[in-house]
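What follows draws every value from the coordinates through simple rules; no lab data is involved. Since this is a predicted model, take the numbers as computed values, not measurements. Note that each Cβ is placed from the backbone with ideal geometry, even for glycine, and that neighbours are counted across all protein chains shown.
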Amino acid sequence: MDLVMPSVGLIFWATVSFVILLVLLRKFAWKPILTAVNAREESISKALESAEEAKKEMANLKSSNEKLLIEAREERDAMMKDAREIKAKLIEDAKTEASAQGEKMIAQAKEVIENEKKAAMAEIKSQVATLSIDIAEKVVKGNLSTDDKQKELINGLVEEVTLN
Amino acid sequence: MLRKTNLLLLLFSFATFALNANNPEEHSDHSDSHELNAHDEHGGKFDPVPMIMEHISDAHEIHWWGHGHDAVSWPLPVILWTNDGLVTFMSSEFHHDNEGKHLVEKGGQQFVRSHGKIYYASNELNKEGNYIALNNEGEALSKPLDFSITKSVVGMFLIMIILLLIFTAVARSYKKNGGIPKRLTGWMEPLVIFIRDDVAKPNIGDKKYAKYVPFLLTLFFFIWGLNLLGLTPIGFNVTGNIAVTMVLAVITLIVTLVSANKNYWGHIFNPPVPGALKPLMVPIEIVGVFTKPFALMIRLFANITAGHIVILSLISLIFIAQNAGGDGLAWGMSLPSMLLVLFISVLELLVAVLQAYIFTLLTALFIGMAVEEHH
């Protein structure tokens, strides 16, 4: 039964040993160890936090970049569209102007031609009239040399008039 | 799972303990045959029980090998508080006597040692054949208080020094390496964090655990270190000594009671049960305060002692075989015996850390119950 009878000396020394060990380890080991571990854990969690923040910031930056890019693209598209429209309009305008000019020129030309034609016609007419008078003078001079012939002419004319 | 394993180990240990505990009565008739070479004196009979009992008991010297006057051992200081005050001398003055036959005279008083205990001695042999001083009724006089630096005390000091060296080195390494755990620190830090995060925090609670971490850490490493020391061939059996486990359990009890809050005391003296049951429950609760550390004390003591007994019994098989069938059988027995010892030793390595863990865990649990807020 000695086995389960605690001896006084060992109780004393076990108490002394444990208490001294507790005090010494607490002061020289556990406190510095736990402080160091806590400090490291804190710094790790802080580092993780800041990394997370940086990640978020990066994501923000990226999204804002993308937004800018999209905006720029839109702007470019709008500008292209405008340019295209302007070009079309310019061409259109040029075309209309050109055709108008052409028409105008054609009209002027026609007018000139008409005038020239009229002038020519008038000249031809006067020429023809002169010629006709000349011819008629000569014919009349020949035909109306005798009375008969004069009579014949008058008769002829009279007939024509009647026919008409 | 853990609880089951522990229960099994506990049952196992009690079974072996009970088996072995019966034997000392039977053999007490020739109890002076407790030396390993007893079979020379007693007709070639080897008796494992005294040998085992001697190996798991505390001693006044560190015994290496040999028997009687040929024994090679380191003497340790004997410190006695006698009727006339303090008396100190080295245990070598007993000249390896452990049967009350060698008188040591110091400070005008005489002492003898018998079975690891120191008695007042008289000049005349008593009828048992030793010098233990007896009173009129034939009983030994009350012994002087023995505060000797025994083998177990040396074991505790050794573990103290080792733990201090290891953990102050670990503490220093943080400063040196800028908080990065390297080498030894890399090995020790997970254990420290394990006790903090998996033992203290969940059982005591996030708000209050920090105060108790140093205590739990000291407890865990002290018990584990002593358990491991017990597995060395030098054969320390410190955590298998009821005095040591008692001290640890009492410290746990004191820490629990000192940190207990109103809620805890309320649960004990005014348990939340119907009024009629209160007279029944209050004594049960009060007993419960003491049974918890008591179980701690017995569990650690029984597990470690049982491990030692099993290993020593298996080694004894060789000598028992020698008794039964001569040297040939002894040699034949040695291999299976050694294999079994190896197996149990490995199991004991597990038990060493498991018991340290369980003791610490339950301590944390008891503290947690004591500081728990009302909810």
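Numbers at a glance
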| quantity | calculated |
| --- | --- |
| Order of B:ILE162, B:ILE52 - criterion: other Cβ atoms within 10 Å of each residue's Cβ, fewest first | B:ILE162, B:ILE52 |
| Burial ordering of B:LYS211, A:LYS62, fewest other beta-carbon atoms within 10 Å first | A:LYS62, B:LYS211 |
| Candidates per chymotrypsin sites (Phe, Trp or Tyr not before Pro) in region B:205-284, loop by DSSP, up to 10 other Cβ within 10 Å | none |
| Peptide B:228-241, shielding by other chains (average Cβ, 10 Å cutoff) | 1 |
| Separation between Cα centres of region A:95-164 and region A:1-59, rounded to whole Å | 137 |
| Sequence-distant residues sharing a close amide H with B:SER148 (under 5 Å, placed H) | B:ILE79 |
| Extension gain (nm, one decimal) between A:SER43 and A:LYS55, 0.36 nm per residue minus Cα-Cα | 2.5 nm |
| Chain B, helix-only ellipticity at 222 nm - DSSP H runs n ≥ 4, -39,500 (n - 2.57), divided by all residues, nearest 500 | -20500 deg cm²/dmol |
| Over 28 Å between alpha carbons, listed pairs A:LYS89/A:LYS110; B:LYS127/B:LYS151; A:LYS31/B:LYS182; A:LYS27/B:LYS201; A:LYS46/B:LYS211; A:LYS27/B:LYS208 | A:LYS89/A:LYS110; B:LYS127/B:LYS151 |
| Spatially proximal aspartates and glutamates relative to B:LYS101 (Cα-Cα < 16 Å; intrachain offsets below 8 disregarded) | B:ASP32, B:GLU35, B:GLU93, B:GLU124, B:GLU128 |
| Efficiency of FRET between B:LYS45 and B:ASP84 - r from beta-carbon atoms, R0 45 angstrom, step 0.05 | 0.55 |
| Pairwise centroid distance, computed over Cα atoms, of region B:81-142 with region B:173-232, Å | 45 |
| Phi-based couplings in Hz for region B:180-194 (Karplus 6.51, -1.76, 1.60; Gly and Pro marked x) | 9, x, 10, 6, 4, 4, x, 7, 7, 4, x, 5, 4, 5, 4 |
| Debye, to nearest 20: dipole size of chain B, +1 on Lys, Arg Cβ, -1 on Asp, Glu Cβ | 2420 |
| Ranked B:LEU228, B:LEU339, criterion: other C-beta atoms within 10 Å, fewest first | B:LEU339, B:LEU228 |
| Amide hydrogen neighbours beyond the local backbone of B:GLU61, cut-off 5 Å, H modeled | B:LYS151 |
| FRET efficiency estimate (nearest 0.05) - Cβ-Cβ, B:LYS176 to B:LYS211, R0 25 angstrom | 0.35 |
| Length added when fully stretched, A:GLU137-A:ASP2, from 0.36 nm per residue minus Cα-Cα | 29.9 nm |
